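The values are calculated or read from the model by the stated rules, or taken from the named source; none is laboratory data. Computed from a predicted model, the values in this text were never measured in an experiment. Neighbour counts run over all protein chains shown; Cβ positions are idealised from the backbone, glycine included.
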Amino acid sequence: MEALKGLSFDVEKGEIFGVIGPDGAGKTTLFRILTTLLLADSGTAFVDGNDVIKEYKEIRKKVGYMPGRFSLYQDLSVEENLKVFASIFDTTIRENYHLIKDIYQQIEPFKKRRAGALSGGMKQKLALCCTLIHEPVVLFLDEPTTGVDPVSRKELWAMLKKLKKEGITILVSTPYMDEAGMCDRIALIQDGAFMKIDTPENIVDAYDQTLWSVKSAEMSKLLKDLRSNAEIKSCFAFGETHHVTVGNMSMEQLEKYLKDEGHTEVNIKPIKAGIEDCFMELSQAS
């Protein structure tokens with residue numbers, strides 16, 4: 001089975017480029033190839049002008065890679081971890097402190113604490129510091145906000161915006177569709193293939209389906225009844241509501257159909273598509 005299927009893309013210098021898709025879509029495999037940790041069976045790839053196979057040593061000097069799973073030394077302290085990663089790249093914390101200052105100041109009060117005893121958000125900040133300590137020109141962050149609390153997620157994206165201003169190119173993967181708007185451009189990935197690459201705004205603007213939000217007193221029955229109607233093109237659960245695309249049907253006709261099926265407290269309203277709606281439409285078409 002192919003993990004990736006004929007991907008072709010480029011990322012501009014100083015851009016935040018998001019690779020967005022569910023678990024198993026191929027995000028980690030792509031990042032491991034680009035950071036020279038995995039050899040592709042075919043194709044070519046370049047990072048900052050260097051071939052990932054012929055010039056892998058040069059790439060390793062100039063990229064920072066933060067894997068999805070926390071991979072620092074659990075038994076070493078915050079400060080010790082940072083020193084280890086600085087020494088690997090023949091630098092010091094003092095030399096590149098300006099790069100990590102804003103992040104490190106938040107965890108510095110815990111610098112003697114073992115990394116394994118940190119909270120999820122603190123681990124994330126430490127991992128990012130270790131990734132930045134050698135002044136990389138390209139950052140690869142593989143699902144950095146998975147399993148992290150909402151406040152830490154917001155803080156991370158604020159940090160990435162600052163790093164972008166420093167001229168660092170950032171590739172970030174995430175399964176969270178709501179993070180798409182934080183990126184300059186995104187690639188929507190499913191089953192190892194890119195379905196679309198564009199700015200989040202352009203992807204949403206290209207959505208041309210009639211989209212409604214539908215609710216009733218019995219949401220599980222509602223989902224079943226909506227999907228059994230021939231005029232409903234698609235129906236997906238979105239939190240406390242269902243998003244449906246329709247063919248030749250009015251809201252009044254849908255409301256009557258649902259009431260005939262025994263539904264009460266029916267609420268139907270037109271809505272603007274989000275990235276997740278676009279993703280679902282593209283995945284159905286592919």
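Values computed for the structure shown
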item: Candidate set from segment 137-166 (those that are at pLDDT 90 or above and crowded, with 21+ Cβ neighbours inside 10 Å); member that is nearest to Ala115 (Cα to Cα); result: Pro144
item: Among the candidates Thr264, Thr199, Thr245, residue that is among the hydroxyl-bearing types (Ser, Thr, Tyr), outside the structural domain of Ala25 (by TED's automatic domain parsing) and under 32 Å from the mean Cα position of the chain (by Cα); result: Thr245
item: Test: Val214 is under 30 Å from Pro136 (Cβ atoms) and not small (Gly, Ala, Ser); result: no
item: Residue satisfying all of: in segment 90-117; surrounded by fewer than 17 Cβ atoms within 10 Å (Cβ to Cβ) and of a type in the set (A, V, I, L, M, F, W, C); farthest from Gly64 (Cα to Cα) among these; result: Ala117
item: Segment 173-194, residues that are in contact with an Asp or Glu (Cβ under 8 Å, 6 or more places away or on another chain) and hydrophobic (A, V, I, L, M, F, W, C); result: Met177, Ile186
item: Sole residue being within 30 Å of Leu163 (Cα to Cα) and of a type outside the set (Asp, Glu), chosen from Thr245, Thr174, Thr241; result: Thr174
item: Filter result (free of Cβ contacts under 8 Å to residues at least 40 places away in the same chain, under 19 Å from Thr264 (Cα atoms) and of a type outside the set (S, T, N, Q)) within segment 216-234; result: Met219, Leu223, Lys224, Asp225, Leu226, Arg227
item: Hits in segment 29-74 (condition: hydrophobic (A, V, I, L, M, F, W, C) and within 19 Å of the chain's Cα centre (by Cα)); result: Leu30, Phe31, Ile33, Leu34, Val63, Met66, Phe70
item: Only listed residue being assigned by TED's automatic domain parsing to the domain that holds Ile168 and buried (at least 18 other Cβ atoms within 10 Å of the Cβ), chosen from Leu7, Leu72, Leu38; result: Leu72
item: Segment 257-275 residues that are at negative phi and surrounded by 10 or more Cβ atoms within 10 Å (Cβ to Cβ), paired with ones that are in a strand (DSSP E or B) and hydroxyl-bearing (Ser, Thr, Tyr) (beta carbon under 6 Å, 6 or more apart); result: Lys269/Ser213; Ile271/Ser213
item: The one condition in (1) surrounded by 16 or more Cβ atoms within 10 Å (Cβ to Cβ); (2) without any contact (Cβ under 8 Å) to a residue 24 or more places away in the chain that Pro200 fails to fulfil; result: (2)
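Residue-by-condition table, conditions (1) in contact (Cβ under 8 Å) with a residue 60 or more places away in the chain; (2) closer than 30 Å to Lys196 by Cβ; (3) of a type outside the set (Phe, Trp, Tyr); (4) assigned by TED's automatic domain parsing to the domain that holds Lys27:
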residue	(1), (2), (3), (4)
His98	no, no, yes, yes
Tyr104	no, no, no, yes
Met122	no, no, yes, yes
Leu128	yes, yes, yes, yes
Pro136	yes, yes, yes, yes
Trp157	no, yes, no, yes
Lys165	no, yes, yes, yes
Ala180	yes, yes, yes, yes
Asp184	yes, yes, yes, yes
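Matching residues to (1) of a type in the set (Asp, Glu); (2) in a helix (DSSP H, G or I); (3) more than 17 Å from Ile170 (Cα to Cα):
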{"residue": "Pro22", "(1), (2), (3)": "no, no, yes"}
{"residue": "Ile33", "(1), (2), (3)": "no, yes, no"}
{"residue": "Gly43", "(1), (2), (3)": "no, no, yes"}
{"residue": "Ile59", "(1), (2), (3)": "no, yes, no"}
{"residue": "Tyr65", "(1), (2), (3)": "no, no, no"}
{"residue": "Phe70", "(1), (2), (3)": "no, no, yes"}
{"residue": "Asp102", "(1), (2), (3)": "yes, yes, yes"}
{"residue": "Gln106", "(1), (2), (3)": "no, yes, yes"}
{"residue": "Gly116", "(1), (2), (3)": "no, yes, yes"}
